[in-house]
Amino acid sequence: MAVSLKDIARRAGVSQATVSNVVNGYRPVGEATRAKVQQAIDELGYTPNLSARHLRRGRTGIIALAIPELNNPYFAELADAAIRTATRRGYTLLLDYTDGDRDKELLVADGFRSQIIDGLILSAVHLDRADIMTRTSETPMVLVGEAIYGAPYDHIVIDNLAASHAAVRHLVALGRRRIAFIGAHIEANRAPSLLRLRGYTEALSAAGLPFDPELTVTTSGFRRGDGAAGMRELLRLPQPPDAVFAFNDLIALGAIRALYEHGLRVPEDVAVIGIDDVEEGRFSIPTLTTISPDKEMIGRLAVEKLLDRVEGRPTNPPTELQPRSAWSSANPPPPPDPPGPPRRVDGRAVHNFWVVPTTQELCRAGVTSPRAGSGPRRPSPRPGSAACPRSSR
């Protein structure tokens with residue numbers, strides 16, 4: 001027999017309205033009363049009928065996340081964070097795959113499947129502000145990624161310029177002077193690539209290093225094979241680079257593979273840094289130095305911001321929520337941000353991302369390295385130990 005709110009109220013010794021407030025989060029309830037109600041729920045084994053709850057409120061209880069790639073671990077990890085947040089809020093999250101195709105992105109943004117979803121999180125590649133401004137769908141939407149600016153929607157984006165500056169500063173601090181960039185895109189309007197390339201050139205200038213066009217490699221994609229091909233192109237130069245800043249971790253991992261094939265060591269012969277902090281980079285040999293944008297925070301913020309609008313909760317006008325850079329491994333970081341809401345700066349939610357040094361660099365520098373988010377700092381491995389090999393070959 002199904003457990004009702006009345007059964008819970010009788011067991012807890014409170015009114016049915018109080019139980020409803022606890023279960024549905026309508027109004028604040030005192031901690032002592034909430035604890036009694038929760039104990040009754042646990043004892044009776046009550047499970048809320050989420051479908052019925054959403055239908056009573058005129059919603060389906062389903063939201064969607066549209067991403068351009070399925071086989072990129074960055075989007076897989078971002079989706080994982082978004083799904084877990086949606087589940088905690090009592091919603092089902094569906095994944096939509098656009099393959100970075102402009103027509104598919106337009107279809108999704110304009111309300112395709114709007115009859116079955118309450119809201120949309122969109123990571124677009126080819127859409128611009130004009131496309132978004134002509135959107136007619138009334139389905140709430142949050143933007144994730146760097147391709148769109150100035151549209152009247154909440155937009156969660158990492159600071160690509162700051163990330164690129166941090167990456168190049170890290171390489172300069174290692175004493176590198178011929179720093180290459182792999183990942184300039186053949187499509188000139190790809191905003192993330194343009195911003196990271198701009199950050200690269202600005203950081204070179206700030207370090208007093210010349211910009212050499214030969215050290216900038218254009219790629220057709222952002223995967224491991226593109227990185228390997230780009231690195232082989234650089235190694236054919238009369239004077240190859242002594243460091244590489246890769247557009248993302250997949251390109252960086254491909255570059256490391258090409259360097260290994262040429263008998264070169266990372267980071268001793270050529271230092272490599274990427275952006276994304278995908279799990280694969282933590283298990284590569286050597287471990288990958290990377291900029292970590294805190295995908296957990298981005299996924300959580302996207303879902304929470306969307307559901308606030310779906311549920312009509314009080315919220316600020318649409319804003320850009322920008323995780324910003326804090327430090328490079330050349331300069332010891334402050335303690336990681338504590339768990340909880342991000343800091344508010346100029347009306348924006350701000351969260352740090354980290355440069356994560358390779359094991360070999362940690363060994364030589366004798367420092368500790370935090371991972372993204374608020375995890376503890378780990379002790380440095382001892383030189384010559386299994387965790388701190390003398391050679392990264």
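The values are calculated or read from the model by the stated rules, or taken from the named source; none is laboratory data. Predicted model, so just to flag it, every value in this text is computed and none were measured. Virtual Cβ from ideal backbone geometry, glycine too; neighbours counted across all protein chains shown. Side chains are part of the model used for accessible areas, which takes the heavy atoms of the whole protein and leaves out ligands, DNA and RNA. Shrake-Rupley method; radii C 1.70, N 1.55, O 1.52, S 1.80 Å.
Observations
- Restricting attention to region 204-239, the residues being part of a helix (DSSP H, G or I) and under 22 Å from Val266 (Cα atoms) number 15.
- Of the residues making up region 240-263, not a single one is in contact with a Leu (Cβ under 9 Å, 6 or more places away or on another chain), in a loop (DSSP other than H, G, I, E, B) and of a type in the set (S, T, N, Q).
- Consider region 67-125 and keep the residues that are free of Cβ contacts under 8 Å to residues at least 40 places away in the same chain and assigned to a strand (DSSP E or B). The one that is farthest from Gly281 (Cα to Cα) is Thr92.
- On inspection, Arg313 qualifies as at pLDDT 60 or above, of a type outside the set (Val, Ile, Thr), open to solvent by 10 Å² or more (accessible area, probe 1.4 Å) and in a loop (DSSP other than H, G, I, E, B).
- Residue match in region 204-217 (condition: more than 22 Å from Ile256 (Cα to Cα), charged (D, E, K, R) and out of contact with any Leu (no Cβ under 7 Å at 6 or more places or on another chain)): no
- Counting only residues that are assigned to a helix (DSSP H, G or I), at pLDDT 70 or above and within 36 Å of the chain's Cα centre (by Cα), region 21-40 holds 7 of them.
- Search result, residues across region 223-242 that are closer than 25 Å to Val125 by Cα and open to solvent by 20 Å² or more (accessible area, probe 1.4 Å): Arg223, Arg224, Gly225, Asp226, Ala229
- For region 75-95, filtering for residues that are open to solvent by 30 Å² or more (accessible area, probe 1.4 Å) and closer than 16 Å to Val142 by Cα leaves 3.
- Hits in region 160-175 - residues which are modelled with pLDDT under 85 and open to solvent by 20 Å² or more (accessible area, probe 1.4 Å): Leu161, Ala162
- Residues satisfying the stated conditions in region 260-283, i.e. surrounded by 22 or more Cβ atoms within 10 Å (Cβ to Cβ) and not charged (D, E, K, R): Val266, Pro267, Val270, Ala271, Val272, Ile273, Gly274, Ile275, Val278, Gly281
- Of all residues in region 213-222 being among the β-branched types (Val, Ile, Thr) and surrounded by 22 or more Cβ atoms within 10 Å (Cβ to Cβ), the one that is farthest from Leu171 (Cα to Cα): Thr219
- When region 243-254 is filtered for residues that are open to solvent by less than 10 Å² (accessible area, probe 1.4 Å) and not acidic (Asp, Glu), the ones remaining, listed by number, are Ala243, Val244, Phe245, Ala246, Asn248, Leu250, Ile251, Ala252, Gly254.
- Residue in region 46-53 that is modelled with pLDDT under 85, over 30 Å from Ala79 (Cβ atoms) and among the polar types (S, T, N, Q) present: no
- Residue within region 176-192 that is open to solvent by less than 60 Å² (accessible area, probe 1.4 Å) and among the polar types (S, T, N, Q) present: no
- Per-region count, region 124-155, residues within 20 Å of the chain's Cα centre (by Cα) and closer than 14 Å to Ala66 by Cβ: 12
- Of all residues in region 283-309, exactly one satisfies the criterion of being outside any loop (DSSP other than H, G, I, E, B), touching a Lys or Arg at 6+ places or on another chain (Cβ under 8 Å) and closer than 20 Å to Ala271 by Cβ, namely Ser292.
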